[in-house]
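The values are calculated or read from the model by the stated rules, or taken from the named source; none is laboratory data. This one's a predicted model, so the numbers in the text were calculated from it and none came from an experiment. Methodologically, a virtual Cβ is constructed for each residue, glycine included, from the backbone with ideal geometry; neighbour enumeration extends over all protein chains shown. Side chains included, ligands, DNA and RNA excluded: accessible areas come from the protein's heavy atoms. Shrake-Rupley method; radii C 1.70, N 1.55, O 1.52, S 1.80 Å.
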Amino acid sequence: MGRYDLALIGFGGVNRALAELISRNGERLAEDLGFALRVVAITDLRAGSLVDTDGIELAPLLATEPGKLDLAGLAGGSADPRNEWVIREVPADIVVEATFTNPTDGEPALSHVRWALEADKHVCTTNKGPVALAGRALKQLAAEHGVSFEFEGSVLSGTPVLRTAQRMFGGLEITGVQGIMNGTSNYILGRLEEGLELSAAIAEAQDLGYAEADPTADIEGHDVQLKVMILANEVLGADLRREDVFREGISAITPDEVRDAARKGLRWKLVGSAIRHEDGGVDARVAPLALPAHHPLAGVSGPLNAVAFQTDLLGTVTVSGPGAGRIETAYALLSDITAIHQRHADDHAAPTRPVLKETHRV
Ligand SMILES: NC(=O)c1ccc[n+]([C@@H]2O[C@H](COP(=O)([O-])OP(=O)(O)OC[C@H]3O[C@@H](n4cnc5c(N)ncnc54)[C@H](OP(=O)(O)O)[C@@H]3O)[C@@H](O)[C@H]2O)c1
């Protein structure tokens, strides 16, 4: 059985969850997927970095509380994340980027992805920044280096929205996408419908772990704006910048408006959408909409997310599932690695390209 060696960049919720999956379910996953996974490098702003080309023993790291992890004291460890050196020089097959999302310039994740692709390494990421702001250039760079750049988790975590559109819709023309892509704002709108004031609904979402301490990105639609860019660019072939996507959040909606609408059978939702016009132009926006009950997105409640594709031959096709969660997002990385495997496992044509190594069963 073959094996992929991974370098994990950022060791917060998502990459830790991926490490947990590998550590706890590695054998079952290998049997199911047909390849084994091994972590050879971890870098993190706070914890430092750790490299072991024979494979890092993950269990002791995972047994340490996230905030207390200190990689510097371990053999092969350093207090410095050493991102560029790890990404470029450590012999990993796949670099897994899961640092924070920077919606302005995508950094430092954008550089992490570039360094990896330039070093002929496959990349998978859950980070919306580099995908939304530079997806086209990064895919081009990956193609030039004969490697893959995968990012299913950047939209709706592990729910396979992008891959469904790319792989399952052959022969269909997708003319538009519309989605509820932020569980926090969706949960808050639901609670306004049930009688809560905005500030109380935000506080409750924070208590439940749905909302960040600073909920601006969720409430004001910045998070959805990046997802709309990714969908428009990936699925509709657009090349949108942030300023091309109109954005309005939910903070101006009053609880009375939400409850009045509910009495009339309408449900307020924060909807991200992109429509392709006949002249090829794409109109993309994020805005609250009062949807009628029969709309495919009207019943998507609480932290659930969904994306509806408008197609020429099937009409509307809706994919629905979790839009966040560390395990759910780690699953997206697993699906990216599977996609890399499917594309490259038999490809031995380019000697510089990382290929599946032979190994014993794990
Ligand atoms: N969690 C989800 O449900 C979800 C869903 C979809 C997409 N995503 C995206 O996936 C990415 C990871 O999410 P997460 O929940 O794992 O976030 P997280 O818990 O905040 O983890 C990010 C980690 O990256 C580290 N980091 C930041 N800058 C770094 C650098 N320059 N070099 C090395 N490490 C660095 C952080 O260290 P410090 O803590 O010291 O800053 C932190 O440990 C984000 O871009 C997020 O938007 C997350």
| field | Whether the stretch 1-142 is rounded, prolate or oblate, judged on the alpha carbon gyration tensor where a/c under 1.5 counts as rounded | value | oblate
| task | List every residue whose amide H lies under 5 Å from the amide H of Trp268, counting only residues 5 or more places away in sequence or on a different chain, with H placed 1.01 Å from N in the peptide plane. | result | Leu291
| Selection of GluC sites (Glu not before Pro), the stretch 69-113, meeting DSSP coil and at most 16 other Cβ within 10 Å | none
| Sequence of Ser111, Ser251, Ser154 from largest to smallest accessible area, 1.4 Å probe | Ser251, Ser111, Ser154
| said: If DNA, RNA and ligands are ignored and the probe is 1.4 Å, what is the ranking of His112, His277 by accessible area, most exposed first? | reply: His277, His112
| remark: Checking the stretch 253-345 for GluC sites (Glu not before Pro) in a loop per DSSP with at most 15 other beta-carbon atoms within 10 Å yields Glu278
| note | All alpha-carbon distances of the chain, grouped into 20 Å bins from 0, give the whole-percent distribution 29, 55, 15, 0
| So between Ala345 and Thr318, what do we pick up on full extension, going 0.36 nm a residue minus the alpha carbon distance? | 6.6 nm
| said: At R0 = 56 Å, how high is the FRET efficiency between Trp85 and Asp256 if r is their beta carbon distance? Nearest 0.05 is fine. | reply: 0.50
| How far, in nm, would the chain grow between Asn102 and His294 when pulled straight, counting 0.36 nm per residue and subtracting the alpha carbon separation? | 65.5 nm
| message | Tell me the accessible surface of Thr316 in square angstrom (1.4 angstrom probe, heavy atoms of protein chains only), to the nearest ten. | response | 70 Å²
| message | Check which residues have an amide H placed less than 5 Å from Arg247's amide H, if you skip close sequence neighbours. | response | Val286
| Can you give the % of DSSP beta bridges in the chain that are antiparallel, to the nearest 5? | 65 percent
| field | Peptide ranges 180-192, 12-24 listed from the most packed, as the mean C-beta count within 10 angstrom indicates | value | 180-192, 12-24
| task | Please give the calculated 222 nm ellipticity per residue for the chain, where each DSSP H segment of at least 4 residues contributes -39500 (n - 2.57) and the sum is spread over every residue; nearest 500 deg cm²/dmol? | result | -11000 deg cm²/dmol
| task | Kindly count the pairs of lysines across the chain whose alpha carbons are less than 28 Å apart, treating pairs on different chains or eight or more residues apart as eligible. | result | 10
| request: Would you mind telling me the share, in percent, of accessible area of the stretch 134-293 contributed by carbon and sulfur at probe 1.4 angstrom? | output: 48 percent
| Solvent-accessible area per residue for the stretch 216-278 at a 1.4 Å probe radius, Å²? | 45 Å²
| remark: So, with points 7 Å from each Cα along the Cβ direction, the Ser301-Thr216 label distance in nm works out to 3.3 nm
| Cα-derived Rg over Rh, computed across the stretch 286-342 with Rh taken as Kirkwood radius | 1.07
| message | At 1.4 Å probe size, what's the solvent-accessible area of Arg88? Round to the nearest 10 Å². | response | 80 Å²
| message | Sorting check: for 213-219, 64-70, 297-303, which peptide has the highest mean count of neighbouring beta carbons within 10 Å, and how do the rest follow? | response | 297-303, 213-219, 64-70
| field | For Thr311, residues with placed amide H under 5 Å, excluding near neighbours | value | Thr175, Thr316, Val317
